[in-house]
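Accompanying notes for the structure given below.
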Amino acid sequence: MPKLLHVIVACAENRVIGRDGRQPWRIPEDAKFFSGQTAGQIVVLGRICFETWPRAAEDGRRPVVITRNRALERPGVRVAGSLGEALAIAESLPGEIYVCGGQRIYEEALALPGPLRLHLTLVHAEIPGDRYFPDWRNLAWRELTRSESSDENYRYSFLTLERLVPSGT
């Protein structure tokens, strides 16, 4: 039986997740949440996410990077040419599988059939950006957890949602 796929993301109300190759906000509580969730786990991510996240291979994480650039492969970092290949590699590793972005990887992950758990930090603001999370609101979800928080710049919610899969799938 395949492992449950976890998708973890922080996005604004207008679905923005990035601008100019970076996250367009700094929310320490979200960074701590993200690190805690992914520590010791398998992280599946695109090349840009990997290159902009210097700690991807720390804290026991096992990165699987989706790229055509095989030069990124080194001890502890695996490279895959597609999401399907990355998930096949991830299935062979110990731990939970967390899809960490970017935009195209998220789109492909949400389009996969089967169970999926979304760990969403929803930033309650409209933020300019050039990378977006797919529209998750039109999918059938069951809310598992929710907590509200804020800092000096933003209000945000931590949500854990489980995609409802029609029986027989």
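The values are calculated or read from the model by the stated rules, or taken from the named source; none is laboratory data. Every value quoted in this text rests on a predicted model; they were computed, and no experiment measured them. As a convention, Cβ positions derive from the backbone with ideal geometry for all residues, glycine included, and neighbour counts pool all protein chains shown.
The residue of the stretch 124-142 that is nearest to the chain's Cα centre (by Cα), among those that are closer than 15 Å to ALA10 by Cβ, in contact (Cβ under 8 Å) with a residue 40 or more places away in the chain and part of a loop (DSSP other than H, G, I, E, B), is PHE133.
Restricting attention to the stretch 42-66, the residues being surrounded by fewer than 20 Cβ atoms within 10 Å (Cβ to Cβ) and closer than 16 Å to VAL9 by Cβ number 3. The set of residues in the stretch 54-108 that are over 27 Å from ASP130 (Cβ atoms), of a type in the set (Asp, Glu) and either part of a strand (DSSP E or B) or under 13 Å from the mean Cα position of the chain (by Cα) (or both) contains only GLU96. For the condition surrounded by fewer than 17 Cβ atoms within 10 Å (Cβ to Cβ) and outside any loop (DSSP other than H, G, I, E, B), what is the one hit in THR160, THR121, THR145? Being surrounded by fewer than 17 Cβ atoms within 10 Å (Cβ to Cβ) and outside any loop (DSSP other than H, G, I, E, B) holds for just one of THR160, THR121, THR145, which is THR145. Annotation: VAL79 fulfils all but one of (1) in contact with a Leu (Cβ under 8 Å, 6 or more places away or on another chain); (2) touching a residue at least 60 places away in the same chain (Cβ under 8 Å); the unmet one is (2). Looking across the stretch 27-59, the residues that are touching a strand residue (DSSP E or B) at 6+ places or on another chain (Cβ under 8 Å) and of a type in the set (S, T, N, Q) come down to GLN37, THR38, GLN41, THR52.
The set of residues in the stretch 59-80 being within 18 Å of THR38 (Cβ to Cβ) and at pLDDT 95 or above consists of ASP59, GLY60, ARG61, ARG62, PRO63, VAL64, VAL65, ILE66, VAL77, ARG78, ALA80.
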